[in-house]
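K.L.:
This is the structure I have questions about; it appears just below.
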Amino acid sequence: IISVLVMTFMMLVEGPQWKRRFLALQAKNKLEKRSRVLKEMYGMVTGYVNGQLLIAMISAVFAFFALAIASTILQVSINPVAMAAIVGLFGLIPLIGNIISSVIVVLFCLFASVPLAIVMAIFFLVYQQVENATLQPYIQSKYNELTPLTVFVAAIIGVSVAGFLGALIAIPVAGCLRIYIKEYYGHKLNPVKED
C-alpha cells in the first residue's frame, strides 16, 4: 500500500516531465490538440488524488470523533488519534480502504473492550455504506467531472476486473476515457451547425 502511495505521488510530481517528453515526439500539426487532451487528463488524475485525500481525511475525522465519544462513554483507554490515522491512511484506497482500516481498528478495540469493538463495528458498517453510496461518488464526480453513477460503476468494474489495482485506477481511467471520447468523438456526436 505504501509503495502504491509513493508511486502515485512520484507520478504526479514527475508528470509534467513525462508530458513534455511525450509532446516532443508529436507531429507539429497535432501538437496543440494532443497537448490540450494531455493537460485535461493530467488535471483529472490530480483531481482524483485530491478527491481521495479529501475522502480519507473526512473518514479519519469521523472515526476520531466516534472513537473519542465511544471510548469516553464506555470508559475505555484507547488512542483515537492513532486509530483515526490508520483510517486516514487506508482511506486513500477507494472503496476497499475503509474496509481494511475498519477491520484493523475493530481488532484493536477488541483488545481493549468488547463493547467498544461492537460499537465501532456498527459505526464503520453504517459509515462505509453512506460513504460508498454518497460521499465517494459525489466528491469524485466534483473533482473529475464524472457523474456519481459513472464513478460508482467505474469503481465496481475496476474491483471486479483487477481487484486492488483496479480499485486504485478505475476512476482515473474512466475520467481519461471521458476526456478522450469528448475530444476525439465529440464533434461527431455534437456536429457544429453551419449558418
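The values are calculated or read from the model by the stated rules, or taken from the named source; none is laboratory data. In this text the structure is predicted, and so the values were computed from the model without any measurement. Here the Cβ positions follow ideal geometry from the backbone for every residue, glycine too, while neighbour counts run over all protein chains shown. Side chains are part of the model used for accessible areas, which takes the heavy atoms of the whole protein and leaves out ligands, DNA and RNA. Shrake-Rupley method; radii C 1.70, N 1.55, O 1.52, S 1.80 Å.
K.L.:
Take region 119-140 and flag every residue that is without any contact (Cβ under 8 Å) to a residue 40 or more places away in the chain and either hydroxyl-bearing (S, T, Y) or surrounded by fewer than 21 Cβ atoms within 10 Å (Cβ to Cβ) (or both).
P.N.:
A121, I122, L125, V126, Q128, Q129, V130, N132, A133, T134, Y138
K.L.:
Go over the candidates Q26, Q17 one by one and state the one that is at pLDDT 80 or above, more than 30 Å from L135 (Cβ to Cβ) and polar (S, T, N, Q).
P.N.:
Q17
K.L.:
For the subset of region 141-153 comprising residues that are within 16 Å of K182 (Cβ to Cβ) and at pLDDT 75 or above, which member is least open to solvent (accessible area, probe 1.4 Å)?
P.N.:
Per the criteria, the residue is L146.
K.L.:
Looking at (1) modelled with pLDDT under 85; (2) under 21 Å from V49 (Cα atoms), which one does G88 not meet, given that it meets all the others?
P.N.:
Among (1) modelled with pLDDT under 85; (2) under 21 Å from V49 (Cα atoms), the lone unmet condition for G88 is (1).
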